[in-house]
Structures are given as structure tokens and as C-alpha cells.
Amino acid sequence: MMKAATFQWLILLAMTAVAVGLSQASLSDNAILAPVLLTTLVKGRIVIDRFMALQGAIAPWRWVVLGWLVVVVGLIGYAFHMAQT
Amino acid sequence: MWFFILAELLVFGVFFLAYAFARTRNVELFNASQLELDQLSGAINTVLLISSSYFVVRAVDQIRHDRSRSCAYWLIAAMTCGGTFLALKLVEFGAKLEAGITMSTNTFFMFYLGLGFFHFMHVVLGMVILGAVTLKAWKGGYSATSYGGVETGAAYWHMVDLVWIILFPLIYVLH
Amino acid sequence: MKYKSQAVAKPYFIAAIGLFLGQIVFGLIMGLQYVVGDFLFPAIPFNVARMVHTNLLIVWLLFGFMGAAYYLIPEESERELHSPKLALAMFWIFLVAGAATILGYLLVPYASLAKWTGNDLLATMGREFLEQPLPTKIGIVVVALAMLYNLSMTVLRGRKTTINLVMLIGLWGLAIFFLFSFYNPGNLVKDKYYWWWVVHLWVEGVWELIMGAMLAFVLIKVTGVDREVIEKWLYVIIAMALITGLIGTGHHYYWIGAPEYWQWWGSVFSALEPIPFFMMTVFAFNMVNRRRREHPNKAAVLWALGTGVMAFLGAGVWGFLHTLAPVNFYTHGSQITAAHGHMAFYGAYAMVVMTMISYTMPLMRGRAANSRSAQVVEMWSFWLMTVAMVFITLFLTAAGILQIWLQRVAAEPMSFMAAQEQVALFYWMREVAGLVFLIGVLLYIGSFFIKGKSEAATA
Amino acid sequence: MSSAFTKSAARNIFYGGAVFFFLLLLGLTFDTMNTLPKRDNRANLSESALRGKHIWETRNCIGCHTMMGEGAYFAPELVNVYTRRGPDFIKTWMKIQPSGAPGRRQMPQFHLDEQQLDDLVSFLKYASEINTSKWPPNIEG
């Protein structure tokens, strides 16, 4: 079980590196928006489901917290997308 | 406890969206101000918080196996990461204040400093909670059958981490 | 009533009701002055009537809180009050000081009153709600400290429950934040900034603790629901009240010269301020639905449910309506503010005090509940006052919206007085609703004098 | 999460939350106090303006008028009355009260002397120059 946690930790680190790398690699604003938000979404899900151990927990809590993540990240994406066009 | 964590997430969520939508009305200002941020410090802080969260997961696992001492060690490791986070954050804030930047400089810095400080205080509170849990674990106050306190403290700490996981790309990375 | 010394609450409640009647009378005078401008001028100019109206409100609510504290703290602590004599002495001091202050407002020009009471030594007068002369302010501090000493000693030596601790923390907070009323810097921005530390941190901070404790106390008594459950709710509600309310102070800092970031902080946190009030409503209904006994005092149950609903409507919904900075830019300082103020104070604080009075007065008069006929009249007064207040709020809201449109939004804005004339119809309707409210108050007072067969004292 | 939500957890949230947010309020207040010099027009808070504030308070002006939207809503907003009407109008207005027009709202006569009127005007001028984030929405207040 802890092997899985270690693996998830490494994924989180890698994804952080990817996000920072993308922002450094002078790509256009549009290009980094989707991948960075996607890594954020995945990272958030790992923390919620695995670290907080909400996966398999009583359903409403998990869905409320995951729902929060999706709504916030989604609306951030929408706002940034809107600002570009 | 979960009720409280949700309330906290709600507040942060509203602030994040306020940032995103305030930005749409002033993209140039936000992008220009963002360049003044220390992205490296932000990235290191992300690594620190993610790692501390991982250590907390290990601590919870240890107490499930009734290993109080080693639970406390993992918690101390997590708090060391948290402490370093706070120190780095203070250096970052200090540099901004020295450059004469305050919350009233412009809307971007209002959010950067305001949200950053708000989150900073949550890390401090998280440290206090983890500290209390560590102390109790050290004294053998938890066991494999009774470790609700460790779980609650862990949940709060993960919440602080989760918030940062969104805050970092939002304010430091996306432009 | 379990302890003799609880009876000290009785004079406090009687004074509270008397002053409440006075407040309503002056409210009606002001309401009429809104449409018949020279009514009672120059005998009672509007500013004097308003000062009397708002100060009576504060003083009668304080009487109510103190009475409630003297009643519930001995019962919760399971021992007699530390010093009933001190409590009674403080009652008379507070009553005399309060009456003298009101008479001073009515009989002496305000500037002379200020000069005679040492306002030149320490200028604290002439700020909204804090108009009291220096001796009165000091008197409030003395009375509050004596009360806190008395109550703290009782709790320290007795049983400590969530309810008496929360009540005590609320009252301590009330006394401490009142000290900011002595700070009046010449700098207008700072003056206003810290003025809110009294006003906001009272009504949207520590008073909510007091309200929560009072409501929880009555709910335990009338529903018989397990104390653990009620106390858990109480903690969660007041935690949310402070979490949202402390930074929610920011919604007063938008336009008084404070930094602009308060528009964000104030908007976000005060947008969440309805949550504790909503929880209070759910709490009251939930507990009553889960009741384990049928308490004979139906009127008290009605007041408890009523305060839950009206506090949420007045403080929660009407507060939220104009709390976001972009909205508040237009609504600030208009009749919308007045509408919110009326319903919030009535729903949250006037009603919770009446809940407490309704529950305790029969007990202090030696019966579990009043006779059926007395309760019917009391419930009629509940509905008359509450419905009248809803209409007062609606008419003021309508007046406010029209006022804002004419004076602040329209392409060719009207002057203040021109806009006021346009909304006069709503002021007339408000005055009529106010008269209904007065009838409600009179019925309420009348209900105390109705005899009839009453239940024997058990609780 | 296996742990049930207990009363002691609720209590801890109350105490922790209260302390946390009170500290946050203190922090923001500290920053506000540091920022105020740029906004509150303290440079023009002259002796005369201070005397004027005292007159403003001891005549209970706030009992009818609003100042920056705070006060009673019976009479016009006065934070911008200096720009709306100008100093001479204010002084004359104060001298000719009450109007005595039947049925109209009446303002008392305060019997202020010339010096006091000037002080009051300089207080209102000082107030009108405070940065209130563009409030009120227009000159009518």
C-alpha cells in the first residue's frame, strides 16, 4: 500500500516539474493552459482520493470535494480561455 | 471536521475564481506583474508541500500498524517541510515588501499577497495541529484502533496542500 | 426555576419590554417625520428621535441579554448566582443611567449635553449608535464588568457547560469591544475604521454567540433533545459566525477610505455570512422536530422558530442582497441599508430576547407556562409584529430601490430631497405597517396581564 | 475517514477558527494602517478641520445626514457636499435654518459663529478629499 503512495508522490513531483517546464519553455499562452490545468486536475485528484483517502469513503464527501476541484479548475480554465480571445 | 474543510475549500475556491475573473478585465497588468514573481521559490514550495503531504500519509500508515514513534518521526519530517515552506514564503514576501510592493499596489499583487498570506496562515495553523498530533503520538496517545486525531490532522494538512496545488499554477504559472 | 437568584432576571426583562415600547413609539415619530417633515419640530428634531430610537434599542437588548444571562447561567452552572444583590444594584444603576441619558437627549440640546458631561475632556459623542455621553459610556463599562464578575464567579465555582461558556465569552467580547467606543481619533478614516470594531464585531460577532447560547438554552428546555447534540450545533454555528463575520467586517470598509482590497475580502467573507444564520434556522427546526417532549409553553417554541427564520431572512438574505462591493457601491447608505437593519435587528436580537422572556417569565411567575388564553394573545402579537416587520422591510426595500434608481443610477440624477419626495408613498405604507407593529407590541405587553388557568410549575 | 464528528472537534474548530480569523483581521488592519497615509488625506487634517469634526459630532449631524454613507438616511450625504455646494453655500445654508416651510423636513438652527462655520467647512473639505474609491456614484451622493 505504501508503495502506491510513494509512486503517487513521485507522480505529483513529476507533474509539478512538467507544469514549471511548460511555463519556462516560452510556449504561447494558449498552449500551456490545457496541459497545466490537466496536471492540476490530476494532482488534485490524487491528493483527494489517495492522500485524503476519500476514494471508497462515504460517497457524498468524495463527490463534494472532487466536484469542488472540477468546478474550480474548470472555471479557471474558462476564465483564462476567455481572456485570450 | 469535514464540514469545516469544505467551508475552507469554498472560501479558497471563491478567491481563486475572483482572481481568474478579475484577470480577464486586466490581462496585461496581471501578466506583467506575474513576471516579477519568483517562480523557482514557488516550485520548491510545491515540492515541499507535496512531500509533506506524502510524509503525513506515511505517518497515518505507521499508526495503523501501532508504531507511535515512527508515526511521530514522519510527522516531524512533514513539519520540517512545512517549516521550510514558511521560511521560503517569508523570504519571498520580504523581497516583495522591500521592493515596495503591497496589497494596494495593484489587483494582481492584492491577490498574490492576500491569497498567499491567507494560505500562509493556514500552513501555520496546520503546523500547530500537526505539532499537537505529533506530541500526542510521541507520548503514545494513539493506537491502531484509535487514531482519529491523526486522521483529522492529516485531512487538514492535505487540504492545505490541495489548495496550494491549485494556487501555484494559478498565480505563478498560468499566463 | 431551579434557583432563587434566577429571579433577578425579572426586573431586567420588564425594563427591556418597557424600553422596547419606547423604541417603537419613537420609531413611529421618525417614520412620520419622513413624510410630514415638520412634525414635532422643533420640540423633537429627527436626529434626537433617531438617537432615542436606536439607543433605546441597544439598551433594551442589553437589558435582555443581561437578564437572560442572570437566568441561564445559574441554571447551567447548577448553583445560585454569586451575588444577586450586586445584580440588582447594577439593574438600578443601568436603568437610572439609561433613563437619564434618554431624558438628556430629549430635554437638553446635544451640544450642551456634550459640554456638561465632559465630552471636551474625551470626545466620544456624536457618532452613530455611540451618541451616549461619557458618564453613560463609563456606566455601561462598570455595569458590564460587575455583571461579568458576578457571572464568571458563578460559572467558575459551578458546572461548566458549552452554553454558559459561550454566553460568557459573548458577554466578555461585548464588554471588550465596547472599549473601542472610547477611541475617537481626529482622522475620520481611522475613526470610522475602529467604530466598526464596536458596531460590527458586536452585531455580527459576539452578539451571535450570545444569541446562539440563548437559543440553545431554550431549545434544550422546550424540546428535551440531548444536550450533546444541541451543544455541538451551537459550536458549529458560532464557529461559522466568527469565521465569516470577523473578516466580514470588510464589507464596511469599501467606501470609507480604507484600502481597496477590502472590497475583495469583505465581499468573499460576508457573502458567506448567511451560512451561520441559515444553520441557526435549520438548527431550530431540526431540534423542534426531534423533540422528546411537548412543552406546554407553545409561545416560546414559536418565538424560537421565528427568530431562526427571521434572523436568516433579515441578517442573512437582506444582508447578502447588498453586501457585494459592486452592488453596495449603489446601495450603500440608502433605504436598503435601513430595510436590512430593521429586519436583522428584529429577527436576530429582538426576537431571541423575546424567546427567552417568553420561556422564562412564566417560570419566574411560578408556572410552567402561561394560560392558554394568554399564550394565544402572545402568539397573535408574534404574528402581528413579525408580519408588520416583513412589510416594513419590503416597503423600505422598495423605497430604497427607487431612491437608488432616481438618485444614483439615472442618466440625470435627482437631488436627495427630490428623490425622497418620489418615494413618499412607500414611507406612508411603512408608517402604517409600523402602526400594526405597535399594536403587536401592545398586545404582547397585554398578554402578561391575562390570567386564566395555568399549568403547574414543573420545569 | 472513520472518526465521527464530535463535540470536542466542534469546540476546537470554534476556538481555532476564532483565533485564526481574529489574527487575520489584525494582520489586515496592520496593513490598512500602513496604507492609510496614501488615502486618508491626513495632510489636510488641520487644527481647523479637527475643530470642525468636533462641531460635526457635538451637533449630532450624523443623526440625520450620512457621511460616507454612514449615519441616518433622512438628509443628504455630506462627504461630497463641499464639492456639490461649495463653502459659501454651506455657511449660508447653516445660517438660514430652519426653513419653516410647512410639511418640509426641518434642520435645526445651531447658532454657530463665523469661526465655527469656517471650521465646519474645513472639516467637510478635508472629508471630501479622502480617497473613498470613487464613492458616492455621483455628485448627488
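Details
- The listed residue being charged (D, E, K, R), away from every other protein chain (no Cβ under 12 Å) and crowded, with 16+ Cβ neighbours inside 10 Å, out of C:Arg79, C:Arg127: C:Arg79
- Checking each residue in the range B:21-72 for being among the charged types (D, E, K, R) and surrounded by fewer than 16 Cβ atoms within 10 Å (Cβ to Cβ) picks out B:Arg25, B:Glu28, B:Glu36, B:Asp38, B:Asp66, B:Arg69.
- Qualifying positions in the range D:40-89 - farther than 30 Å from C:His340 by Cβ and either surrounded by 20 or more Cβ atoms within 10 Å (Cβ to Cβ) or touching a His at 6+ places or on another chain (Cβ under 9 Å) (or both): D:Leu45, D:Ala49, D:Gly52, D:His54
- The residues in the range B:63-77 that are within 16 Å of the chain's Cα centre (by Cα) and either farther than 12 Å from B:Ala137 by Cβ or facing chain A (nearest Cβ under 10 Å) (or both) can be counted, and the count is 1.
- Restricting B:Val11, B:Val56, B:Val60 to residues that are assigned to a helix (DSSP H, G or I), of a type in the set (Val, Ile, Thr) and either more than 9 Å from chain A (Cβ to nearest Cβ) or on the phi > 0 side of the Ramachandran plot (or both) narrows the list to B:Val11.
- Taken together, B:Thr80, B:Thr145 contain a single residue that is more than 20 Å from D:Val19 (Cβ to Cβ) and within 11 Å of chain D (Cβ to nearest Cβ), which is B:Thr145.
Conditions tested, residue by residue: (1) touching a residue at least 60 places away in the same chain (Cβ under 8 Å); (2) under 30 Å from C:Lys160 (Cα atoms).
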| residue | (1), (2) |
| --- | --- |
| C:Phe41 | no, no |
| C:Arg50 | no, no |
| C:Ile58 | yes, yes |
| C:Phe63 | no, yes |
| C:Met66 | yes, yes |
| C:Glu75 | yes, yes |
| C:His82 | yes, yes |
| C:Ala100 | no, no |
| C:Leu106 | yes, no |
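- Condition met for C:Ala239 (buried (at least 24 other Cβ atoms within 10 Å of the Cβ), facing chain D (nearest Cβ under 10 Å), in contact with a Gly (Cβ under 8 Å, 6 or more places away or on another chain) and in a helix (DSSP H, G or I)): yes
- Unmet criterion (only one of (1) more than 17 Å from B:Leu40 (Cα to Cα); (2) charged (D, E, K, R); (3) assigned to a helix (DSSP H, G or I)) for B:Lys96: (1)
- Scanning the range D:1-54 for residues being closer than 30 Å to B:Val128 by Cα and assigned to a helix (DSSP H, G or I) gives a total of 28.
- Selection within the range D:111-136 - surrounded by 17 or more Cβ atoms within 10 Å (Cβ to Cβ), closer than 22 Å to C:Pro109 by Cβ and without any contact (Cβ under 8 Å) to a residue 40 or more places away in the chain: D:Leu117
- The conditions of being at pLDDT 95 or above and either in contact with a strand residue (DSSP E or B) (Cβ under 7 Å, 6 or more places away or on another chain) or not hydroxyl-bearing (Ser, Thr, Tyr) (or both) are met by B:Leu88.
The values are calculated or read from the model by the stated rules, or taken from the named source; none is laboratory data. This structure is a prediction, so every number in the text was calculated from the model and none was measured. Cβ atoms come from the backbone with ideal geometry, glycine included; neighbour counts cover every protein chain shown.
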